[in-house]
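These notes concern the structure reproduced below.
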Amino acid sequence: MSKNKRQISHPYLGYVFLLISFVMLGTLVAGLALASSTAAWIGGVGLVASLTLSVVGFRLGTLQLAKAREGGDPTHNISIWSEPLRQDAIDRYLASYRGQDAAAETTVRTLARGEDDERLVSAAPSRLTA
């Protein structure tokens with residue numbers, strides 16, 4: 001048995017419910033075509049429920065991503081499909097595979113707004129040509 005007890009991500013569940021909603025849409029259309037009120041009712045309720053759960057799953061994923069980005073690093077967790085990485089996991093990876101300690105200087109540096117604006121403006125072309 002695996003020791004990794006990682007939970008399934010919310011966007012993944014949203015995607016699964018979106019796929020289920022297509023099956024429910026097919027059930028609804030088949031129920032209407034066959035004049036079966038029971039099949040159409042089950043398909044319609046299932047379609048509404050699965051689409052609602054799909055939207056909820058994607059919204060929870062974006063909320064989780066927004067909370068992970070509050071740390072200040074704009075390049076961390078770019079996709080809603082990825083799980084947020086904890087800083088201790090990043091430090092453990094750097095120590096194990098890159099030979100760096102957590103206090104070592106990294107090559108990625110985030111700049112505050114306004115810092116080095118003159119250098120960035122001077123690097124931009126003054127006129128764009130086609």
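Read-outs: derived from the displayed coordinates by stated rules, not from any lab. Note that this is a predicted model, so its numbers are computed, not measured. A quick note on method: Cβ atoms are made from the backbone with ideal geometry, for glycine too, and the neighbour counts reach across all protein chains shown.
Which whole-Hz couplings ³J(HN,Hα) result when phi for each residue of the stretch 25-32 is put into the Karplus expression 6.51 cos²θ - 1.76 cosθ + 1.60, θ = phi - 60°, listed in order with x for Gly and Pro?
5, x, 5, 5, 5, 5, x, 5
Can I get the semi-axes of the stretch 1-65's equivalent ellipsoid? Compute them from the C-alpha gyration tensor as square roots of 5 times the eigenvalues, in angstrom, largest first.
On the way: eigenvalues 189, 36, 10 Å².
Gyration-tensor ellipsoid for the stretch 1-65: 31, 13, 7 Å.
Need the full-extension length gain, Ala95 to Phe22, defined as separation in residues times 0.36 nm minus the C-alpha distance. One decimal, nm. Walk me through the intermediate numbers first.
On the way: separation 73, 0.36 × 73 = 26.28 nm, distance 4.61 nm.
Taking Ala95 through Phe22 to full extension adds about 21.7 nm, to one decimal.
Sort 31-42, 14-25 by the packing proxy (mean of other Cβ within 10 Å over each peptide's residues), most packed first.
Result, highest mean Cβ count within 10 Å first: 14-25, 31-42.
Report the residues of the stretch 7-21 in range of a label on Glu70: point 7 Å along Cα→C-beta, backbone N strictly under 16 Å from it.
Backbone N within reach: none found.
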